[in-house]
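Colleague: What follows is a single structure, and I will ask about it in a moment.
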Amino acid sequence: MTLIAGIDEAGRGPLAGPVVAAAVILPEHFDLLGLTDSKKLSAKKREQLFGPIRQQALAVGVGFVHAEEVDEINILQATLRSMCQAVSRLKIEPQYLLIDGITPVPLSHPQQTIKKGDSRSLSIAAASVIAKVVRDRMMVVYDRHYPQYGFAGHKGYGSAKHRALIAEHGPCPLHRKSFAGVKEHV
């Protein structure tokens, strides 16, 4: 059996919070009813799938890059860095990487990028769920530290309400100051 790690990220587009990536190696005969691209699942369904994925996966690794670093190196480089971290945190060395998207990761592993991979590969779909749930949970915790921004609701995405709150309060340390919607208020 070839040990394949599916890799995906959550949080490329938001105005605040980290970009989080997950790498997941699934067993050969893995089946989890309802598992698909995390963007097609409700928050409740993602939470329901999170535990079974963690329990059944051979290995799960998570990496994250915070807003300040996103501003320093740009969102693409931050995404690739978080993906490399996720792979490095796997307790089993993968033999092959399947990456959601079009950009290979700067690792020496044999790899393939797959457009819409989170809809076409179970391991990438599992990684998308892990990354999204971890990121959402982080944003709920951050909401307790910065309640004036409503992070628990919009998770840092650029909703009209979030943009209005940035305009009202100015950005906090979680905001990506290089992103439109934030940099106007720095």
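Any read-out appearing in this document is the output of simple, stated calculations on the displayed coordinates, not a laboratory observation. Note that the structure is predicted; figures quoted are calculated from it, not measured. Ideal geometry is used to build each Cβ from the backbone, glycine not excepted, and the neighbour counts take in all protein chains shown.
Colleague: Is there a quick way to get the dipole size of region 1-134? I mean about its Cα centre, with the Cβ of Lys and Arg at +1 and of Asp and Glu at -1; what is the value in debye to the nearest 20?
Modeller: So the dipole magnitude of region 1-134 works out to roughly 400 debye.
Colleague: Need the list of lysines near LYS132 for cross-linking: C-alpha distance under 23 angstrom, and skip anything on the same chain fewer than eight residues off.
Modeller: Result set, ordered by chain and number: LYS39, LYS40, LYS44, LYS45, LYS91, LYS115, LYS116, LYS155, LYS161, LYS177.
Colleague: On to the next question. Which of LEU3, ALA164, LEU174 sits closest to the plus end of the dipole of the chain, meaning its Cα is farthest towards the positive end, when Lys and Arg get +1 and Asp and Glu get -1 on the C-beta?
Modeller: Among LEU3, ALA164, LEU174, the one farthest towards the positive end of the dipole of the chain is ALA164.
Colleague: Rounded to the nearest 500 deg cm²/dmol, what is the calculated helix-only ellipticity per residue at 222 nm for the chain, with -39500 (n - 2.57) per DSSP H run of length n ≥ 4?
Modeller: It comes out at -12500 deg cm²/dmol, rounded to the nearest 500.
Colleague: Beyond 29 Å, what share of the Cα-Cα pairs of the chain remains, rounded to the nearest whole percent?
Modeller: Pairs farther apart than 29 Å: 22 percent.
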